[in-house]
Amino acid sequence: LLENVYQQVRKALSVDLFFIGLYDAAKNELTFPIMYDAGRKWDQQPTRVLETTFSGKTILTRKPLLINHWTGATTENESTLTIVGDETRITQSLMFTPMLFGPETIGVLSVQSYDLNAYTEEDLNLLSGIANQVGVAIQNTRLLEETRQNAQSLLTMNQIGRAVSELTDLPTLL
């Protein structure tokens with residue numbers, strides 16, 4: 001699913017860096033099941049979700065973010081410098097949009113470019129629509145997996161109950 005999302009976003013937008021971060025509210029952590037920088041797949045360590053990072057701000061405010069002229073410099077009013085992917089290059093145009101499912105924030109989808117002014121509000125709206133669909137798909141996948149696990153647990157309990165009921169000799173039962 002996530003690979004398909006990446007491939008489709010690449011067809012619609014200028015993409016140098018792409019990632020989907022999944023938010024674990026209990027751990028206050030963001031994990032990255034998919035990240036590409038300049039077409040190359042990257043493994044990124046989980047990060048804490050802080051309001052001072054672009055991803056964290058997007059997750060915590062539940063609002064998309066568009067930056068078209070970022071130099072990588074930080075001030076008190078700007079986001080904390082957190083570079084993902086190839087740390088030797090700094091993206092200059094960035095879009096972040098939350099993945100929502102009802103009142104729950106599932107994560108963040110980000111598309112970035114090494115070029116200045118690469119994105120418009122229309123691009124951000126498109127990415128937000130994609131993020132909404134991805135959020136629903138991820139939640140549906142989670143619910144399906146949870147249902148499968150519950151079904152397996154019920155099957156195991158049923159098998160144990162059946163085995164116990166077949167025991168008729170009290171010493172064997174004890």
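Structure summary
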| quantity | calculated |
| --- | --- |
| So residue 145, is it in a loop (DSSP other than H, G, I, E, B) and open to solvent by 80 Å² or more (accessible area, probe 1.4 Å) | no |
| Residue match in the range 112-132 (condition: within 12 Å of the chain's Cα centre (by Cα) and of a type outside the set (Ser, Thr, Tyr)) | yes |
| Selection count, the range 1-26, where residues are among the charged types (D, E, K, R) and surrounded by 18 or more Cβ atoms within 10 Å (Cβ to Cβ) | 1 |
| From the options 22, 60, residue that is in a strand (DSSP E or B) and within 28 Å of residue 120 (Cβ to Cβ) | 22 |
| Candidates 78, 104, filtered to the one that is open to solvent by 50 Å² or more (accessible area, probe 1.4 Å), in contact with a helix residue (DSSP H, G or I) (Cβ under 9 Å, 6 or more places away or on another chain), over 22 Å from residue 45 (Cα atoms) and at pLDDT below 95 | 104 |
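The values are calculated or read from the model by the stated rules, or taken from the named source; none is laboratory data. The shown structure was predicted, so the numbers you read here are calculated from the model rather than taken from an experiment. Glycine also receives a Cβ, built like all others from the backbone with ideal geometry; neighbour counts cover every protein chain displayed. The accessibility values were calculated without ligands, DNA or RNA, using every heavy atom of the protein model including side chains. Shrake-Rupley method; radii C 1.70, N 1.55, O 1.52, S 1.80 Å.
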